[in-house]
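To keep things clear, I will list the structure first and then write my remarks on it.
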Amino acid sequence: MPTLRAAGVDVHHVVHGDGRPVIVLHGAGVDHRETEACVEPTFAGLQGWRRIYPDLPGMGRTPAPASLSSADDVLAVLLDLARKVSGGQPVLLVGHSAGAYYARALACRQPELVAGAALICPLLPGARDVPAHHAVPGGSEIGDDGFRDYFVVHTPEMLERYREFVEPAADLVDQEVMQRIGGKWEITGDLPPYPGPALLVAGRRDSTVGWAATADLAQQWPGATLAVLDHAGHALPHEQPELLRALIGEWLARVERTVSG
């Protein structure tokens, strides 16, 4: 994996394709492999997009020096990363869970740097009406507690994806860093509405962050498309890949139209 130094941190990342930068941010407790597996199929056959999948600090192969002690510090790293990969043009942001939390903050703080933002099952302050965890009817009693607590679609295919793209990252997570940053997880300061083309996707069965706060955000963002998908929980990118691919494709088209004027 190549490394890019951003705000004093050596950020490991994977890059696919050429063109306008698309920065894809994974959630907590995993690494770039999960979002790469879920988002990269969207770009099959598409030209003009340079997809960048970083490991967030303290996860994967990106270290987190002691100077990183809050979400604000992580945001500073990601802002510097975005500026350095932008090539002088606005970037696109895609984030899942905690990655969407950071993507939202980047888009709101630096809208001139962001051509579009797609937030999938975003971690948001003020989460409300979070449902209890219920699996989709018809599934099997398979996998361990980690799988069954994350996924609501319990099929051999989903278990295979969990074992290939989620579970291996656990050994690479620096738990001390997670506790240090998690103690100051709220990004400080105002986050005005992002005005550009946006996509907000939530799982109706998401027992981690729910979907109501995402719907609230859609009312604040004037360029947002909102989709709440049943038969999907916090692992929505795995559980509803075809719908997610269609939604991201439509969002990319909106970004292209907006950028081209």
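Among the residues of region 86-110, those identified as hydroxyl-bearing (Ser, Thr, Tyr) and assigned to a helix (DSSP H, G or I) are Tyr101, Tyr102.
Quick grid of which residues meet (1) over 22 Å from Asp129 (Cβ atoms); (2) buried (at least 17 other Cβ atoms within 10 Å of the Cβ); (3) of a type in the set (Val, Ile, Thr):
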| position | (1), (2), (3) |
| --- | --- |
| Gly146 | yes, no, no |
| Glu160 | yes, no, no |
| Glu164 | yes, no, no |
| Ile181 | yes, yes, yes |
| Pro197 | yes, yes, no |
| Gln219 | no, no, no |
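Can you name every residue in region 7-65 that is within 20 Å of Leu119 (Cβ to Cβ) and acidic (Asp, Glu)? Scanning region 7-65 gives Asp31, Glu34, Glu36, Glu40, Asp55. Taking the options Thr188, Thr225, name whichever one is closer than 25 Å to Ala107 by Cβ, among the polar types (S, T, N, Q), touching a residue at least 60 places away in the same chain (Cβ under 8 Å) and touching a helix residue (DSSP H, G or I) at 6+ places or on another chain (Cβ under 8 Å). Result: Thr188 is the single residue among Thr188, Thr225 that is closer than 25 Å to Ala107 by Cβ, among the polar types (S, T, N, Q), touching a residue at least 60 places away in the same chain (Cβ under 8 Å) and touching a helix residue (DSSP H, G or I) at 6+ places or on another chain (Cβ under 8 Å).
Candidates Ser86, Ser140: the one that is touching a Ser or Thr at 6+ places or on another chain (Cβ under 8 Å), in contact (Cβ under 8 Å) with a residue 12 or more places away in the chain and over 21 Å from Ala28 (Cβ atoms) is Ser140.
Based on what the data block shows, is Ala107 in contact with a Ser or Thr (Cβ under 9 Å, 6 or more places away or on another chain), touching a residue at least 24 places away in the same chain (Cβ under 8 Å) and crowded, with 19+ Cβ neighbours inside 10 Å? No; evaluated as a whole, the condition is false for this residue.
Against the numbered list (1) farther than 26 Å from Met158 by Cβ; (2) in contact (Cβ under 8 Å) with a residue 60 or more places away in the chain; (3) surrounded by fewer than 22 Cβ atoms within 10 Å (Cβ to Cβ), Ser207 comes up short only at (1). Residues being under 18 Å from the mean Cα position of the chain (by Cα) and at pLDDT 95 or above are entirely absent from region 134-149. Of the residues screened, Leu159 is one that is at pLDDT 95 or above, assigned to a helix (DSSP H, G or I) and of a type in the set (A, V, I, L, M, F, W, C). Within region 64-85, the set of residues being assigned to a loop (DSSP other than H, G, I, E, B) and modelled with pLDDT of 95 or more comprises just one member, Ser70.
Of the listed requirements (1) in contact (Cβ under 8 Å) with a residue 12 or more places away in the chain; (2) over 18 Å from Val91 (Cα atoms); (3) surrounded by fewer than 19 Cβ atoms within 10 Å (Cβ to Cβ), Gly27 misses just one: (3). A single entry from Asp73, Asp55 fulfils the requirement of being of a type in the set (D, E, K, R) and farther than 17 Å from Val24 by Cβ: Asp73.
Evaluate the following for Gly223: is it buried (at least 16 other Cβ atoms within 10 Å of the Cβ), within 26 Å of Val255 (Cα to Cα), at pLDDT 95 or above and in contact with a Pro (Cβ under 6 Å, 6 or more places away or on another chain)? Answer is yes for this residue.
The values are calculated or read from the model by the stated rules, or taken from the named source; none is laboratory data. Small disclaimer: the values here were computed from a predicted structure and weren't measured. Neighbour counts are summed over all protein chains in view; Cβ atoms, including those assigned to glycine, are modelled from backbone coordinates with ideal geometry.
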